[in-house]
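Q: Sending over a structure as structure tokens; questions will come in a sec.
The values are calculated or read from the model by the stated rules, or taken from the named source; none is laboratory data. Note that this is a predicted model, so its numbers are computed, not measured. Don't worry about glycine lacking a Cβ; one is built from the backbone with ideal geometry, like all the others, and counts go over all protein chains shown. These accessible areas exclude ligands, DNA and RNA; they are computed on the full protein's heavy atoms, side chains included. Shrake-Rupley method; radii C 1.70, N 1.55, O 1.52, S 1.80 Å.
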Amino acid sequence: IVYVFSGLPESIIAAACARSGQRVLHVDSRNYYGGNWASFSFSGLLSWIKENQQKTDTTDECEDWRKLILENEEAISLSKKDKTIQHVEDFCFGDQDSAEDVEEAGALPKLPVFGASGAEGAAQELEEECPPTESTLLEAESQEPERATGTEPASATEGNDTETTSENESSGSTALGESTLELGKTEAAPSELSAQEPKKVTYSQIVREGRRFNIDLVSKLLYSRGLLIDLLIKSNVSRYAEFKNATRILAFREGKVEQVPCSRADVFNSRQLTMVEKRMLMKFLTFCLDYEQHPDEYQDYDNSTFAEFLGTRKLTPSLQHFILHSIAMVSETDCSTLEGLQATKKFLQCLGRYGNTPFLFPLYGQGEIPQCFCRMCAVFGGIYCLRHSVRCLVVDKESGRCKAIVDHFGQRISANYFIVEDSYLSESVCTNVCYRQISRAVLITNQSVLNTDSEQQVSILTVPPEDLGKPAVCVIELCSSTMTCMKDTYLVHLTCPSTKTAREDLEPVVQKLFDLNTEKETENEELEKPRVLWAVYFNMRDSSGIQKNSYDGLPSNVYVCSGPDSALGNDCAVKQAETIFHEMFPAEEFCPPPPNPEDIIYDEDEMAPEESGFSNSPETKPEPSTGESSSGGSTAVKEENED
């Protein structure tokens, strides 16, 4: 099986295929994993911005690759130019000249790119480059809580090779690490942090500390009972990542940012709501949890919007606003009553699994998730080649099936199945495809949109549109303990379906929430909004929901994966990956759990009688992080399990 591109759907399918015993080759023309799902350091993002603003064409290293196509074959050319990113604009709201001679601190070695080393070699490289670290993961689902040990996931950024160990906080119902370490330096505990005046951060500091940033191209959160979390737990890929709870849900109403009470405790502790409103809200949320049992209460509103249905439930305007924009997170004009009830129920079912909100965020950014599945694929024999572009698909004229690909070196690589990301298809194949667009903005700010006693907050805010019919804007604010930005700054992601360019769509919302004034100080600091230090806007193609028959002339054994969509979660990517996998291998289980080392039976002639007592047989492919390289580490894990 050959995979062209390394986005999230392709990475999941590759891991599932490798786990089921298939031979996998994963190639990508980029020099980093994830494509439009990737995360970058600050300098890496500046390079990405420059690359997409210039849009230079790549030249063929092998001009005569067409000679490799035989008479009974035809070639389907692939695109040499990425057209998924448009209208890239970046702005610095500080003294940019002062950072001209500043360089990023701490040059670190990059992780190896997987070559033709197979499972054993890839696992050995990973173990040597990234020593195992204790990670607090999604182990709450197991019968006995245990602490898994895994390697730090590879990263699209050069600065992500630094290992950090995060310690669990005992409070709350989560088994995920509420990390208080940032690159080896302990931050102050939340109780010691108070709402103080923001410290002055200059552009030169941002450049110097650029490796502390992990900036996602696509902004998403993980529902705690979503498909991706279930897949991470089932496949045991969760051992390769760490997560942090989203700590609060915010709402923007009447020009102010407010915190939305979500759980029962939040509702009754809220000072924003009257006692009558608290009873109203709890009664409606209880109804939403089992609305299927009371069809008579909503069936008359099948043709009504969810907003109209809320107006009939004796809810105050503030409660209707909270439910519509901060709990259900649906459109005021396009969402039906049933869709709104389903979204509200999903939100409520995810509460309490790992914390007081339904959402989790992966430390070091969303770009870690594709790399976690790439790592699992490599452990089970997958071969990875970055900076390796593909020129064409070779199709047999008689059977109509794809036989091989031709790479930029002029090599033919044969396989039975081919998975291609939509952005690699040429215009001749996509003539009948109509794409949507996503508007994105990334801001670096000096303080939170809603200051509290704790600076370490992960917040999600939905800003409703001023004009009906336009999309709401989803705002995700990340603090430094998510390992995505430097101390004393916040990383803010804004996302919405595009109606114009990203800047035209999102700048009005940025102006509502933040101060874009480039002057050094304002007279009234108490009323000052969070100040934007740096910003970038861009439009990203949304190819989700496009059927395979929309592409012209694709062979039956070539499958197309879409890029990121505008939804908050990752369900679309997981569903697509599972669908494609079962089309190729209907009888195989999708991403089964890896075997335990204790369950692996070695042949007697393969057992090494030397000191370590461990076998390096290539026929057995256990996860590298499950069995430690020394007997002492393995014993410690067993003892902890027995406890």
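Q: Determine which single condition Leu227 fails, assuming it passes every other condition in (1) at pLDDT below 95; (2) surrounded by fewer than 21 Cβ atoms within 10 Å (Cβ to Cβ).
A: It is condition (1) that Leu227 fails.
Q: Now for a separate question. Within the set of pairs 6+ apart or on separate chains, which have a first residue in the range 431-446 that is open to solvent by less than 10 Å² (accessible area, probe 1.4 Å), a second that is of a type in the set (Phe, Trp, Tyr), and C-beta atoms under 6 Å apart?
A: Here the result reads Arg440/Phe538; Ala441/Tyr537; Ile444/Trp534; Thr445/Tyr490, each pair linking the range 431-446 to a residue that is of a type in the set (Phe, Trp, Tyr).
Q: Given the condition in the same structural domain as Ser11 (by the TED database), more than 27 Å from Phe243 (Cα to Cα) and either in a strand (DSSP E or B) or open to solvent by 40 Å² or more (accessible area, probe 1.4 Å) (or both), answer yes or no: does some residue in the range 467-477 qualify?
A: no
Q: While we're looking at this one, here's another question. If you check Ser219, Ser238, which single one turns out to be touching a His at 6+ places or on another chain (Cβ under 6 Å) and either part of a helix (DSSP H, G or I) or open to solvent by less than 70 Å² (accessible area, probe 1.4 Å) (or both)? It would help to see each step written out before you state the result.
A: Details: Ser238 fails: touching a His at 6+ places or on another chain (Cβ under 6 Å).
Ser219 is the lone residue from the list that is touching a His at 6+ places or on another chain (Cβ under 6 Å) and either part of a helix (DSSP H, G or I) or open to solvent by less than 70 Å² (accessible area, probe 1.4 Å) (or both).
Q: Working only within the range 420-466, note down all residues that are assigned to a strand (DSSP E or B) and of a type in the set (A, V, I, L, M).
A: Val420, Leu425, Ile438, Ala441, Val442, Leu443, Ile444, Ile460, Leu461, Val463
Q: Right, something else. Based on what the data block shows, is Arg391 assigned to a loop (DSSP other than H, G, I, E, B), farther than 21 Å from Phe252 by Cβ and either open to solvent by 10 Å² or more (accessible area, probe 1.4 Å) or in contact with a Gly (Cβ under 8 Å, 6 or more places away or on another chain) (or both)?
A: For Arg391, the condition - assigned to a loop (DSSP other than H, G, I, E, B), farther than 21 Å from Phe252 by Cβ and either open to solvent by 10 Å² or more (accessible area, probe 1.4 Å) or in contact with a Gly (Cβ under 8 Å, 6 or more places away or on another chain) (or both) - is not met.
Q: Now, a different point. Looking at (1) within 16 Å of His408 (Cβ to Cβ); (2) at pLDDT 90 or above; (3) of a type in the set (Lys, Arg), find the lone condition where Lys80 falls short.
A: Looking at each condition in turn, Lys80 falls short on (2).
Q: Is it the case, given these coordinates, that Val267 is without any contact (Cβ under 8 Å) to a residue 40 or more places away in the chain and touching a Lys or Arg at 6+ places or on another chain (Cβ under 7 Å)?
A: In short, yes.
Q: Is it the case, given these coordinates, that Ile249 is of a type in the set (Val, Ile, Thr) and within 30 Å of Phe514 (Cα to Cα)? Let's see the steps before the verdict.
A: Working: of a type in the set (Val, Ile, Thr): yes; within 30 Å of Phe514 (Cα to Cα): yes.
Against the criterion (of a type in the set (Val, Ile, Thr) and within 30 Å of Phe514 (Cα to Cα)), Ile249 qualifies.
Q: Within the range 348-388, work out how many residues are open to solvent by less than 10 Å² (accessible area, probe 1.4 Å), touching a Cys at 6+ places or on another chain (Cβ under 8 Å) and among the hydrophobic types (A, V, I, L, M, F, W, C).
A: 2
Q: If Val267 satisfies every condition in (1) within 30 Å of Cys377 (Cα to Cα); (2) open to solvent by less than 40 Å² (accessible area, probe 1.4 Å); (3) at pLDDT below 95 but one, which is the exception?
A: Condition not satisfied by Val267: (1).
Q: Something else now. Run down Ser29, Ser39, Ser6 and say which single residue is touching an Asp or Glu at 6+ places or on another chain (Cβ under 6 Å) and modelled with pLDDT under 95.
A: Of Ser29, Ser39, Ser6, the one residue that is touching an Asp or Glu at 6+ places or on another chain (Cβ under 6 Å) and modelled with pLDDT under 95 is Ser6.
Q: Hey, among the residues in the range 246-260 that are of a type outside the set (D, E, K, R) and open to solvent by less than 10 Å² (accessible area, probe 1.4 Å), which one's modelled with the lowest pLDDT?
A: The extreme case among them is Val260.
Q: Among the residues of the range 447-479, which ones are free of Cβ contacts under 8 Å to residues at least 40 places away in the same chain and under 13 Å from Gln259 (Cβ atoms)?
A: Glu477
Rundown of residues vs (1) of a type outside the set (Phe, Trp, Tyr); (2) not in a loop (DSSP other than H, G, I, E, B), yes/no style:
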site: Arg313; (1), (2): yes, no
site: Phe322; (1), (2): no, yes
site: His325; (1), (2): yes, yes
site: Gly355; (1), (2): yes, no
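Q: Shifting gears a bit: Go through the range 25-46 and report how many residues are of a type in the set (Gly, Ala, Ser) and either more than 16 Å from Met483 (Cβ to Cβ) or without any contact (Cβ under 8 Å) to a residue 40 or more places away in the chain (or both).
A: Count: 4.
Q: For the range 537-552, indicate whether the set of residues that are open to solvent by 10 Å² or more (accessible area, probe 1.4 Å), assigned to a loop (DSSP other than H, G, I, E, B) and over 17 Å from Thr84 (Cβ atoms) is non-empty.
A: yes
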